[in-house]
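J.: First, the structure itself, so that you have it in front of you.
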Amino acid sequence: MDSLFKNRHFPTAWLIWFFVPAKLWCGSHSESMGVLSVQLKAGSVEAPAFAIFSPGVKQSSIFRGPVKSVSENNVTFYRTPNIANPANLLGPLPAGVLNSSQARAFAEVDENGSVSAINLTYSGSGYLDTPNIFLTPPTDEKVGASTFRSATAAALYDTNLKNLSAISVIAKGRGYNKAPKVTIDGGPHYLKITDPDCNYTGFHFPIIANSDHVVELNNSADNDNMDGVPSLNEVFAQGMVVEIVKGWTLGSLFGHSAEELQLQADSNASRADWVYLLKEPHHQNRDSSDYVPHFHDGTEWKLVYSPTQKTSDQCIAPDQSVIIARRSDSNLTLTIFGTAPQFTTSWYLPEFNRTRLVSNPYPTELKISDLIGNDRITTDSSSSEINATHWLANEEQDIADNILILNSSGWATYWHDGTNLHITDYAKISARAGTGFGGALTQADFSMVNGQITSISNSPSGNVVVTTSENHLLKNGFWVTISDALGRLTNENKDQIDASGMVVDLGDGLIIESPVNGKWEITNVTTNTFELKECKNYADFYDTGEAVWSTGNKGAGYDANSTLALSITGGGGFGAQAQALVGTDGTISSINIIHGGLFYTHPPTITVHPGGWNKLGRGNAPIKDLTIPPGSGALLIRKHPHGIRSHIQLRSFLPE
């Protein structure tokens with residue numbers, strides 16, 4: 001594998017998501033539409049420039065809704081009555097087209113601004129029913145036109161060849177200044193679990209056939225009950241919320257024709273840009289042949305080493321990354337429109353001695369320790385099922401599972417060495433606006449303390465005053481979380497009242513959760529009091545001994561004397577860097593400010609990373625973690641001697 005990219009120039013790929021609202025067929029959407037921008041450096045035939053990234057899925061979901069039932073590999077959805085004929089039930093899906101090779105066509109417009117013809121450039125294949133045809137409406141004013149109407153068309157379906165024989169114009173439309181874009185149903189599609197209460201949220205299953213309300217899924221990775229891959233009956237349940245999303249192909253991602261193509265094409269494969277796809281683990285030989293290169297010859301995509309084989313319809317799974325070898329002598333920016341998930345998703349781990357290209361699927365840069373949680377890592381290489389489905393950690397890189405990141409020097413190798421796998425209480429740190437020069441953060445701007453509350457005021461005017469049981473060590477400007485506080489309900493005159501609003505004797509008022517529970521900025525701090533800014537109270541404090549305040553905690557169970565990376569995001573500023581140092585008792589003992597940054601005009605969010613990820617060749621560096629940019633790819637190498645194919649659920653990047 002290493003020899004494939006040896007002695008080559010590797011540029012860094014910059015990947016940026018810009019979000020715009022997504023419109024759905026059904027309900028709210030679990031993903032954000034965006035633009036993925038990939039910067040490719042110039043290369044040459046002798047020394048290509050490489051980059052790796054994942055395109056995700058092609059567009060927003062075509063369906064979102066609950067599962068009605070599941071039987072073997074078939075998932076059924078609910079149908080609804082046809083408005084024109086209630087006895088006729090309609091399903092939510094375009095029948096027979098969700099596992100086809102998508103047909104392509106272009107329209108012609110006459111001098112009147114009407115569609116005169118629609119010409120097939122590719123008839124498609126694998127259609128099990130007639131696909132729908134969509135034409136964009138007139139968008140630019142046509143000089144002299146007084147009427148604007150959208151054109152409509154219908155496909156002529158060849159039942160024997162399972163493709164389209166022609167497209168018939170039903171209504172020519174009016175007012176087109178240019179030919180409308182023609183879109184035909186089809187292409188690879190996947191059923192994606194989005195239900196937040198499911199253990200398999202984020203899984204994608206390829207659709208191999210469908211009716212208007214039933215999809216047949218491919219779960220070929222599930223060979224038996226001991227392979228770590230669940231059967232569909234274990235995954236799906238009635239009422240579970242799922243989506244159907246469209247996947248990419250080489251042609252739809254990079255362009256089918258020479259006019260659409262973003263990369264360099266050439267009839268001579270050696271002069272064209274190459275796109276590598278990694279073979280599925282069960283087809284791998286563990287050498288350079290596992291990486292299959294494709295090129296565009298100016299007409300269509302083909303295999304580099306077998307150019308008679310056409311590959312424009314080669315599927316790219318939603319969790320799959322691709323490697324681009326830029327062989328042209330100019331820089332290039334790839335612009336890809338797609339979607340990015342905003343909830344927990346998963347990686348597919350290959351079996352022992354196999355590899356898989358994956359990606360950071362979220363629209364933000366993350367530490368690897370944010371993606372693979374400690375609950376999915378083991379130091380036990382035995383054959384028990386729970387260990388065989390986990391990521392293997394070890395002090396020795398050659399024994400542990402590896403993750404490789406492509407950078408300017410080639411592949412950088414990381415592995416988890418077992419550090420901080422036994423954390424019993426994850427540390428939380430708060431910050432306030434920077435009090436240093438230029439809004440820089442200082443050590444005084446971080447806090448991770450908590451304690452009990454002995455009193456909460458309920459005065460007619462002014463801020464709520466909280467009294468703590470001891471010196472709280474807080475300062476003005478921090479945000480404090482109040483929890484588990486109770487109170488007796490009062491009216492506007494601060495008289496205690498019952499559930500019906502009647503005034504009662506002191507001590508007989510209705511006991512409620514205190515309205516001060518929540519997160520508040522504090523001000524007017526003294527040794528053992530602070531005021532909650534802009535907080536209003538309508539309950540007399542009822543002391544149960546359980547009311548507490550907190551700006552965080554020092555954690556517990558961390559490895560003694562380890563160093564933790566901190567991420568500092570938001571707050572209006574930039575450039576701050578800090579580390580947390582763990583003491584001999586397994587808790588954070590102090591925070592080391594590396595750089596205070598600038599312009600932190602309001603409190604930033606602090607994330608404590610458990611770390612444990614070493615880099616080959618870095619030695620005993622204090623920070624053990626790595627950052628994966630949004631959309632960027634990574635290569636998993638499974639060295640667990642009993643590792644089996646399994647899905648590993650990734651931690652969500654969303655804040656609590």
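The values are calculated or read from the model by the stated rules, or taken from the named source; none is laboratory data. Please read these numbers as outputs of a predicted model, since none were measured by experiment. A quick note on method: Cβ atoms are made from the backbone with ideal geometry, for glycine too, and the neighbour counts reach across all protein chains shown. These area figures cover heavy atoms from the full protein model, side chains too; ligands, DNA and RNA do not enter into them. Shrake-Rupley method; radii C 1.70, N 1.55, O 1.52, S 1.80 Å.
J.: State which residue pairs qualify: first residue under 10 Å from SER257 (Cα atoms) and in a loop (DSSP other than H, G, I, E, B) and inside region 294-315, second residue open to solvent by 20 Å² or more (accessible area, probe 1.4 Å) and among the hydrophobic types (A, V, I, L, M, F, W, C) in any location, beta carbons under 7 Å apart, and separation of 6 or more residues or different chains.
T.: Close Cβ pairs (under 7 Å, with a partner that is open to solvent by 20 Å² or more (accessible area, probe 1.4 Å) and among the hydrophobic types (A, V, I, L, M, F, W, C)) amount to ASP297/ALA265; GLY298/ALA258; GLY298/ALA265.
J.: Name every residue in region 80-96 that is over 21 Å from ASP185 (Cβ atoms) and either small (Gly, Ala, Ser) or open to solvent by less than 40 Å² (accessible area, probe 1.4 Å) (or both), in order of residue number.
T.: Those that are over 21 Å from ASP185 (Cβ atoms) and either small (Gly, Ala, Ser) or open to solvent by less than 40 Å² (accessible area, probe 1.4 Å) (or both): ALA84, ALA87.
J.: Let me ask something additional. Which residues, counting only those in region 368-384, are touching a residue at least 24 places away in the same chain (Cβ under 8 Å) and in a helix (DSSP H, G or I)?
T.: Matches in region 368-384: ILE368, SER369, ASP370, LEU371, ASN374, ARG376.
J.: Go through (1) of a type in the set (A, V, I, L, M); (2) crowded, with 19+ Cβ neighbours inside 10 Å; (3) under 21 Å from ILE606 (Cα atoms) and name the single condition LEU404 misses.
T.: (3)
J.: Check every one of the strands (runs of 3 or more DSSP E) wholly within region 430-532 and list those with 1 or more residues that are more than 29 Å from LEU598 (Cβ to Cβ) and among the small types (Gly, Ala, Ser). Outline the logic, then answer.
T.: On the way: elements: 450-456, 464-468, 479-483, 486-489, 511-513, 518-523, 529-532.
Answer list for region 430-532: 450-456, 479-483, 486-489, 518-523.
J.: Which residue, of PHE148, PHE134, is open to solvent by 60 Å² or more (accessible area, probe 1.4 Å), of a type outside the set (A, V, I, L, M) and closer than 30 Å to ASP319 by Cα?
T.: Working: PHE148 fails: closer than 30 Å to ASP319 by Cα.
The match here is PHE134.
J.: Find the residue count for region 385-398, including only residues that are outside any helix (DSSP H, G or I), surrounded by fewer than 16 Cβ atoms within 10 Å (Cβ to Cβ) and touching a residue at least 40 places away in the same chain (Cβ under 8 Å).
T.: 1
J.: Let me spell it out: the conditions are (1) open to solvent by 30 Å² or more (accessible area, probe 1.4 Å); (2) part of a strand (DSSP E or B); (3) under 12 Å from ILE429 (Cβ atoms); (4) of a type outside the set (Phe, Trp, Tyr), and SER589 meets all of them except one. Which number is the exception?
T.: Every listed condition holds for SER589 apart from (3).
J.: Can I ask one more? I need every pair where a residue in region 629-656 that is farther than 13 Å from TRP391 by Cβ and open to solvent by 10 Å² or more (accessible area, probe 1.4 Å) has its Cβ under 6 Å from the Cβ of a residue that is among the acidic types (Asp, Glu) and at pLDDT 70 or above, sequence separation at least 6 or different chains.
T.: Note: pairs meeting the criteria are PRO629/GLU365; PRO630/GLU365; ARG645/GLU351.
J.: Regarding region 225-237, can at least one residue be identified that is in contact (Cβ under 8 Å) with a residue 24 or more places away in the chain, under 30 Å from ASN88 (Cβ atoms) and assigned to a loop (DSSP other than H, G, I, E, B)?
T.: Here is the first cut: in region 225-237, the residues in contact (Cβ under 8 Å) with a residue 24 or more places away in the chain are 226-230, 232-233, 235-237.
Next, only the ones that are under 30 Å from ASN88 (Cβ atoms) stay: 232, 236-237.
Subset that is assigned to a loop (DSSP other than H, G, I, E, B): 236-237.
Yes: one or more hits.
J.: Hey, among TYR176, TYR127, which residue is open to solvent by less than 50 Å² (accessible area, probe 1.4 Å), farther than 23 Å from LEU250 by Cα, assigned to a loop (DSSP other than H, G, I, E, B) and in contact (Cβ under 8 Å) with a residue 40 or more places away in the chain?
T.: Details: TYR127 fails: farther than 23 Å from LEU250 by Cα.
TYR176 is the lone residue from the list that is open to solvent by less than 50 Å² (accessible area, probe 1.4 Å), farther than 23 Å from LEU250 by Cα, assigned to a loop (DSSP other than H, G, I, E, B) and in contact (Cβ under 8 Å) with a residue 40 or more places away in the chain.
J.: Of everything in region 224-277, what is open to solvent by 20 Å² or more (accessible area, probe 1.4 Å), among the hydroxyl-bearing types (Ser, Thr, Tyr) and over 19 Å from PHE205 (Cα atoms)? Give them in sequence order.
T.: Step one: of region 224-277, the residues open to solvent by 20 Å² or more (accessible area, probe 1.4 Å) are 224-226, 228, 231, 233-234, 237-239, 241, 252, 256-262, 264-268, 270-271, 274.
Still in the running and among the hydroxyl-bearing types (Ser, Thr, Tyr): 231, 252, 257, 267, 270.
Hits for region 224-277 are SER252, SER257, SER267, SER270.
J.: Looking at (1) closer than 30 Å to ALA440 by Cβ; (2) open to solvent by 70 Å² or more (accessible area, probe 1.4 Å); (3) not small (Gly, Ala, Ser), can you tell me which one THR529 breaks?
T.: THR529 satisfies every listed condition except (2).
J.: Could you grab me the full set of residues in region 442-468 that are open to solvent by 20 Å² or more (accessible area, probe 1.4 Å) and under 21 Å from ARG488 (Cα atoms)?
T.: GLN452, THR454, SER455, SER457, ASN458, SER459, PRO460, SER461, GLY462, ASN463, VAL465, THR467
Residues are listed down the side, and each one gets a yes or a no for (1) within 36 Å of the chain's Cα centre (by Cα); (2) closer than 28 Å to ASN219 by Cβ:
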{"site": "SER54", "(1), (2)": "yes, yes"}
{"site": "SER61", "(1), (2)": "yes, yes"}
{"site": "SER71", "(1), (2)": "yes, yes"}
{"site": "ALA105", "(1), (2)": "yes, no"}
{"site": "SER114", "(1), (2)": "no, no"}
{"site": "LEU128", "(1), (2)": "yes, yes"}
{"site": "PRO138", "(1), (2)": "yes, no"}
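J.: Suppose we filter TYR200, TYR157, TYR122 for residues that are surrounded by fewer than 22 Cβ atoms within 10 Å (Cβ to Cβ) and either free of Cβ contacts under 8 Å to residues at least 12 places away in the same chain or touching a helix residue (DSSP H, G or I) at 6+ places or on another chain (Cβ under 8 Å) (or both); which single one remains?
T.: Working: TYR157 fails: either free of Cβ contacts under 8 Å to residues at least 12 places away in the same chain or touching a helix residue (DSSP H, G or I) at 6+ places or on another chain (Cβ under 8 Å) (or both); TYR122 fails: either free of Cβ contacts under 8 Å to residues at least 12 places away in the same chain or touching a helix residue (DSSP H, G or I) at 6+ places or on another chain (Cβ under 8 Å) (or both).
Sole residue among the options that is surrounded by fewer than 22 Cβ atoms within 10 Å (Cβ to Cβ) and either free of Cβ contacts under 8 Å to residues at least 12 places away in the same chain or touching a helix residue (DSSP H, G or I) at 6+ places or on another chain (Cβ under 8 Å) (or both): TYR200.
J.: Additional query: Go through region 488-544 residue by residue and tally those that are over 30 Å from PRO604 (Cα atoms), out of contact with any Gly (no Cβ under 7 Å at 6 or more places or on another chain) and of a type in the set (Phe, Trp, Tyr).
T.: Qualifying residue count for the region: 1.
J.: Go over the candidates GLU280, GLU216 one by one and state the one that is open to solvent by 20 Å² or more (accessible area, probe 1.4 Å) and touching a residue at least 24 places away in the same chain (Cβ under 8 Å). Lay out the reasoning, then the answer.
T.: Working: GLU280 fails: touching a residue at least 24 places away in the same chain (Cβ under 8 Å).
Step by step, each of GLU280, GLU216 is checked, and only GLU216 is open to solvent by 20 Å² or more (accessible area, probe 1.4 Å) and touching a residue at least 24 places away in the same chain (Cβ under 8 Å).
J.: Then there's this: For residues that are within 11 Å of ILE453 (Cβ to Cβ) and open to solvent by less than 60 Å² (accessible area, probe 1.4 Å), tally how many sit in region 545-560. Don't jump to the end; show me each part of the working.
T.: First pass over region 545-560, keeping only residues within 11 Å of ILE453 (Cβ to Cβ): 545-550.
Checking which are open to solvent by less than 60 Å² (accessible area, probe 1.4 Å) leaves us with 545, 547-550.
Adding up the residues that qualify gives 5.
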